Amino acid sequence: MSLIAAIGIGAMAFTGCSAINQQSTAMEVTVSDGVHLDMGKLELRNVLIISEAAGKPGRVAGSFYNDADSDITLTISGAAGSQTEITVKPGVPLILSTASDQAILSTVEQPPGSVETVELRQSGAGSETASLKVPVLDGTLAEYKNLVPTAAPTTEAAAEATPTATATP
(Lines give C-alpha, C1' and ligand atoms only; values in the text may rest on other atoms or scores of the structure.)
Protein backbone atom coordinates (compact mmCIF):
# COMPACT_ATOMS: atom_id res chain seq x y z
CA MET A 1 0.00 0.00 0.00
CA SER A 2 2.81 2.44 0.84
CA LEU A 3 4.44 1.68 -2.52
CA ILE A 4 1.23 2.65 -4.35
CA ALA A 5 0.96 5.85 -2.30
CA ALA A 6 4.60 6.74 -3.09
CA ILE A 7 4.01 6.20 -6.82
CA GLY A 8 0.84 8.34 -6.65
CA ILE A 9 2.65 11.17 -4.84
CA GLY A 10 5.54 10.97 -7.31
CA ALA A 11 3.18 11.12 -10.27
CA MET A 12 1.42 14.16 -8.78
CA ALA A 13 4.77 15.88 -8.23
CA PHE A 14 5.79 15.43 -11.86
CA THR A 15 2.46 16.40 -13.37
CA GLY A 16 1.92 19.32 -11.00
CA CYS A 17 4.78 21.28 -12.58
CA SER A 18 2.82 21.84 -15.76
CA ALA A 19 -0.04 23.33 -13.79
CA ILE A 20 2.03 26.33 -12.70
CA ASN A 21 4.51 26.70 -15.60
CA GLN A 22 3.75 28.14 -19.01
CA GLN A 23 3.91 25.65 -21.87
CA SER A 24 7.00 26.32 -23.97
CA THR A 25 5.05 25.69 -27.18
CA ALA A 26 2.69 28.55 -26.28
CA MET A 27 5.52 31.13 -25.97
CA GLU A 28 6.17 33.55 -28.84
CA VAL A 29 9.85 33.75 -29.74
CA THR A 30 11.87 35.47 -32.45
CA VAL A 31 13.52 32.78 -34.52
CA SER A 32 16.20 34.82 -36.26
CA ASP A 33 19.57 36.41 -35.68
CA GLY A 34 18.02 39.84 -35.11
CA VAL A 35 15.47 41.36 -32.77
CA HIS A 36 11.97 42.71 -33.27
CA LEU A 37 10.00 45.70 -31.99
CA ASP A 38 6.60 47.27 -32.63
CA MET A 39 6.59 51.09 -32.65
CA GLY A 40 2.98 52.11 -33.10
CA LYS A 41 2.17 51.52 -36.78
CA LEU A 42 5.77 50.50 -37.61
CA GLU A 43 6.90 46.88 -37.20
CA LEU A 44 10.62 46.06 -37.07
CA ARG A 45 11.63 42.43 -37.62
CA ASN A 46 14.99 40.62 -37.54
CA VAL A 47 16.92 43.88 -37.05
CA LEU A 48 20.68 43.51 -36.70
CA ILE A 49 23.89 45.36 -37.51
CA ILE A 50 26.65 43.93 -39.71
CA SER A 51 30.09 45.37 -38.94
CA GLU A 52 33.72 44.36 -39.36
CA ALA A 53 34.79 45.51 -35.86
CA ALA A 54 34.18 48.01 -33.06
CA GLY A 55 34.73 51.56 -34.29
CA LYS A 56 33.95 50.61 -37.90
CA PRO A 57 30.81 51.32 -39.97
CA GLY A 58 27.79 49.06 -39.52
CA ARG A 59 25.02 48.17 -41.98
CA VAL A 60 21.50 47.96 -40.53
CA ALA A 61 19.65 44.91 -41.85
CA GLY A 62 16.10 43.74 -41.20
CA SER A 63 12.48 44.02 -42.31
CA PHE A 64 10.25 47.02 -41.69
CA TYR A 65 6.49 47.22 -42.23
CA ASN A 66 4.34 50.34 -42.12
CA ASP A 67 0.70 49.72 -41.18
CA ALA A 68 -0.21 53.43 -41.43
CA ASP A 69 -1.76 55.34 -44.35
CA SER A 70 1.31 57.50 -45.06
CA ASP A 71 5.11 57.20 -45.13
CA ILE A 72 7.03 56.69 -41.90
CA THR A 73 10.61 57.87 -41.60
CA LEU A 74 12.72 55.97 -39.06
CA THR A 75 15.92 57.57 -37.79
CA ILE A 76 18.36 55.10 -36.22
CA SER A 77 21.03 56.72 -34.03
CA GLY A 78 24.06 54.82 -32.80
CA ALA A 79 27.43 55.51 -31.19
CA ALA A 80 29.47 58.68 -31.60
CA GLY A 81 26.64 60.57 -33.32
CA SER A 82 26.29 58.06 -36.15
CA GLN A 83 22.83 57.87 -37.67
CA THR A 84 20.95 56.61 -40.67
CA GLU A 85 17.43 57.18 -41.90
CA ILE A 86 15.00 54.94 -43.77
CA THR A 87 11.57 55.69 -45.20
CA VAL A 88 8.96 52.94 -45.08
CA LYS A 89 6.04 53.22 -47.51
CA PRO A 90 2.60 52.16 -46.24
CA GLY A 91 1.58 48.54 -46.83
CA VAL A 92 4.85 47.55 -48.55
CA PRO A 93 7.52 45.68 -46.59
CA LEU A 94 10.98 47.28 -46.72
CA ILE A 95 13.61 44.56 -46.50
CA LEU A 96 17.20 45.68 -45.94
CA SER A 97 19.26 42.63 -46.86
CA THR A 98 21.61 43.49 -49.71
CA ALA A 99 24.92 45.29 -50.09
CA SER A 100 23.17 48.05 -52.07
CA ASP A 101 21.03 49.04 -49.06
CA GLN A 102 22.45 52.30 -47.71
CA ALA A 103 21.21 52.14 -44.10
CA ILE A 104 24.72 52.43 -42.65
CA LEU A 105 25.84 53.78 -39.28
CA SER A 106 29.24 55.46 -39.63
CA THR A 107 30.43 54.00 -36.31
CA VAL A 108 29.46 50.94 -34.30
CA GLU A 109 30.73 50.98 -30.72
CA GLN A 110 30.44 47.26 -29.93
CA PRO A 111 32.41 44.44 -31.60
CA PRO A 112 30.71 41.61 -33.51
CA GLY A 113 29.20 39.07 -31.15
CA SER A 114 27.86 41.71 -28.77
CA VAL A 115 24.86 44.01 -28.60
CA GLU A 116 24.70 47.66 -29.69
CA THR A 117 22.08 49.98 -28.20
CA VAL A 118 20.49 52.22 -30.81
CA GLU A 119 17.94 54.97 -30.41
CA LEU A 120 14.97 54.97 -32.77
CA ARG A 121 12.84 57.97 -33.72
CA GLN A 122 9.80 57.64 -35.94
CA SER A 123 8.25 60.56 -37.78
CA GLY A 124 5.49 60.85 -40.32
CA ALA A 125 2.46 58.73 -39.38
CA GLY A 126 2.82 59.25 -35.65
CA SER A 127 5.85 60.15 -33.63
CA GLU A 128 7.45 57.61 -31.33
CA THR A 129 10.86 56.95 -29.84
CA ALA A 130 12.41 53.76 -28.53
CA SER A 131 15.69 52.25 -27.49
CA LEU A 132 16.64 48.87 -28.94
CA LYS A 133 19.49 46.47 -28.18
CA VAL A 134 20.57 45.11 -31.56
CA PRO A 135 22.99 42.21 -32.15
CA VAL A 136 26.20 43.04 -34.02
CA LEU A 137 27.41 40.37 -36.46
CA ASP A 138 30.31 40.24 -38.89
CA GLY A 139 30.87 38.48 -42.21
CA THR A 140 31.74 35.11 -40.67
CA LEU A 141 28.39 33.63 -41.73
CA ALA A 142 28.00 33.32 -45.50
CA GLU A 143 24.65 35.14 -45.55
CA TYR A 144 26.28 38.26 -44.05
CA LYS A 145 29.66 38.19 -45.81
CA ASN A 146 28.62 40.60 -48.59
CA LEU A 147 26.82 42.94 -46.16
CA VAL A 148 29.91 44.09 -44.22
CA PRO A 149 30.27 47.78 -45.14
CA THR A 150 33.61 48.90 -46.48
CA ALA A 151 35.04 52.35 -46.07
CA ALA A 152 34.48 54.54 -49.09
CA PRO A 153 37.72 55.60 -50.77
CA THR A 154 38.84 59.09 -49.90
CA THR A 155 39.38 61.71 -52.61
CA GLU A 156 43.16 61.38 -52.17
CA ALA A 157 43.05 57.60 -52.53
CA ALA A 158 40.91 57.89 -55.64
CA ALA A 159 43.29 60.47 -57.14
CA GLU A 160 46.30 58.23 -56.45
CA ALA A 161 44.59 55.26 -58.08
CA THR A 162 43.81 57.16 -61.29
CA PRO A 163 46.49 56.57 -63.93
CA THR A 164 47.84 59.64 -65.67
CA ALA A 165 48.43 59.82 -69.37
CA THR A 166 51.92 60.63 -70.56
CA ALA A 167 52.83 61.77 -73.99
CA THR A 168 55.19 59.53 -75.91
CA PRO A 169 57.51 61.11 -78.43
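The values are calculated or read from the model by the stated rules, or taken from the named source; none is laboratory data. Bear in mind that the values here come from a model prediction, so they are computed numbers and not experimental data. To get the accessible areas, we keep the full protein, side chains included, count just its heavy atoms, and leave off ligands, DNA and RNA. Shrake-Rupley method; radii C 1.70, N 1.55, O 1.52, S 1.80 Å.
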**Asked** Can you give me the Cα centroid spacing of segment 109-126 and segment 54-106 in angstrom?
**Response** 10
**Message:** Going Cα to Cα from LYS89, which lysines come in below 18 Å? Please leave out same-chain ones fewer than 8 positions away.
**Reply:** LYS41
**Partner aspartates and glutamates for LYS145 [C-alpha distance under 19 Å; skip if fewer than 8 residues away on the same chain]** = ASP33, GLU52, ASP101
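Using a ≥ b ≥ c from the Cα gyration tensor of segment 22-136 (square roots of the eigenvalues), is it rounded, prolate or oblate, where a/c under 1.5 gives rounded and otherwise the larger of a/b and b/c decides, a/b for prolate?
Working: a/c = 1.72, a/b = 1.11, b/c = 1.54.
Oblate is the answer for segment 22-136, as a/c is 1.5 or above yet b/c matches or exceeds a/b.
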**Item:** Exposure ranking of ILE86, ILE95 by accessible area [1.4 Å probe, largest first]
**Value:** ILE95, ILE86
